[in-house]
Amino acid sequence: MRKQLAYTQFKLDENTHIKITKELATDKESSAALIRCCPAGVYKIDKDGELTADYAGCLECGTCLQIAPAGTLYWHYPSGGYGVSYRQG
């Protein structure tokens, strides 16, 4: 899998396309599930023990939307021309 991801390109949008509510940021169980399930490793726990998202490496697969409790994660595709661009390798 890593070989194929080497061809993937990212064009960073200055506006994040992932927003985490305070409720989700402090929910240990849901945070742990997101960290385990995200194939890009976007979600991490910061030094304060809260969930954060590094949206720059997001693969835009939508896994997080299926895992997070309803209404606790706001996710949308990046602006046109930004985000992930898959290349066949």
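The values are calculated or read from the model by the stated rules, or taken from the named source; none is laboratory data. Note that the structure is a prediction, hence the values are computed from the model and not measured. Methodologically, a virtual Cβ is constructed for each residue, glycine included, from the backbone with ideal geometry; neighbour enumeration extends over all protein chains shown. In case anyone asks, the SASA skips ligands and DNA or RNA and just uses the protein heavy atoms, side chains included. Shrake-Rupley method; radii C 1.70, N 1.55, O 1.52, S 1.80 Å.
Counting only protein heavy atoms and a probe of 1.4 Å, the accessible surface of the chain is 51% carbon and sulfur. From largest to smallest, the equivalent ellipsoid semi-axes obtained for the chain from the alpha-carbon gyration tensor read 24, 14, 11 Å.
In this structure the chain gives 68 Å² per residue of accessible area when probed at 1.4 Å with all protein chains present. Exposed loop sites were defined as chymotrypsin sites (Phe, Trp or Tyr not before Pro) in DSSP loop states (anything but H, G, I, E or B) carrying at most 13 other C-beta atoms within 10 Å; in the chain the longest segment without such a site runs 8-85.
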